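The values are calculated or read from the model by the stated rules, or taken from the named source; none is laboratory data. Note that the coordinates shown come from a computational prediction; the quantities given were computed from them, not determined experimentally. Counting neighbours? That spans all protein chains shown, and the Cβs are built from the backbone with ideal geometry, glycine included. Protein only, heavy atoms only, side chains kept; ligands, DNA and RNA dropped before computing areas. Shrake-Rupley method; radii C 1.70, N 1.55, O 1.52, S 1.80 Å.
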Amino acid sequence: MMNDIIADALTRIRNAAMRKLEVATLLHSNTVVGVLNVLLQKEYIAGFKVIDGQNNKKTIQVELKYDDNEKSVINEITRVSKPGRRVYKNASEIKNFKNGYGTIIVSTNKGVIANDEAFAANVGGEVLCTVW
């Protein structure tokens, strides 16, 4: 049994990027899809698609993105809020990350969004992960 499906998804993306794979396969969850939507919007990944599998088990295939030197666009992807220690921030605390070069992905009452959108909408929430 897996407790933290978001941490598993981030680890699979991180490991696939280190091995320079084209595609990473993740387990399906609506929260993971929300995180991937933010990563796609911020151009950290090239794309993703949800695939229906056997016995109603869905998976997600993530197409990773690399620069001209075949280095991953994602330098670091880290899980912040964990099942044993939840981390919540208000809108003013999630304004900036890595001087604007990074992104904080936040789960709010408006869905899973990036830190700049959360600051503009003046909403806080659970900090899921950071990416840069």
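Counting the residues of region 72-92 that are open to solvent by 90 Å² or more (accessible area, probe 1.4 Å) and either touching a residue at least 12 places away in the same chain (Cβ under 8 Å) or not in a strand (DSSP E or B) (or both) gives 3. Within region 29-41, the residues that satisfy the criterion of being in contact with a helix residue (DSSP H, G or I) (Cβ under 9 Å, 6 or more places away or on another chain) and either among the β-branched types (Val, Ile, Thr) or buried (at least 17 other Cβ atoms within 10 Å of the Cβ) (or both) are THR31, VAL32, VAL35, LEU36, VAL38, LEU39.
Against the list (1) touching an Asp or Glu at 6+ places or on another chain (Cβ under 9 Å); (2) within 21 Å of THR108 (Cβ to Cβ); (3) open to solvent by 60 Å² or more (accessible area, probe 1.4 Å); (4) not small (Gly, Ala, Ser), the condition MET2 fails is (2). Taken over region 93-114, the residue count meeting the criterion of being outside any loop (DSSP other than H, G, I, E, B), free of Cβ contacts under 8 Å to residues at least 24 places away in the same chain, open to solvent by 10 Å² or more (accessible area, probe 1.4 Å) and under 23 Å from ASN30 (Cα atoms) is 1.
How about region 5-28: which of its residues are surrounded by fewer than 16 Cβ atoms within 10 Å (Cβ to Cβ), part of a helix (DSSP H, G or I) and aliphatic (A, V, I, L, M)? Correct list: ILE5, MET18. Checked across region 46-59, the condition of being closer than 17 Å to ASN15 by Cβ, among the aromatic types (Phe, Trp, Tyr) and modelled with pLDDT of 95 or more holds for at least one residue.
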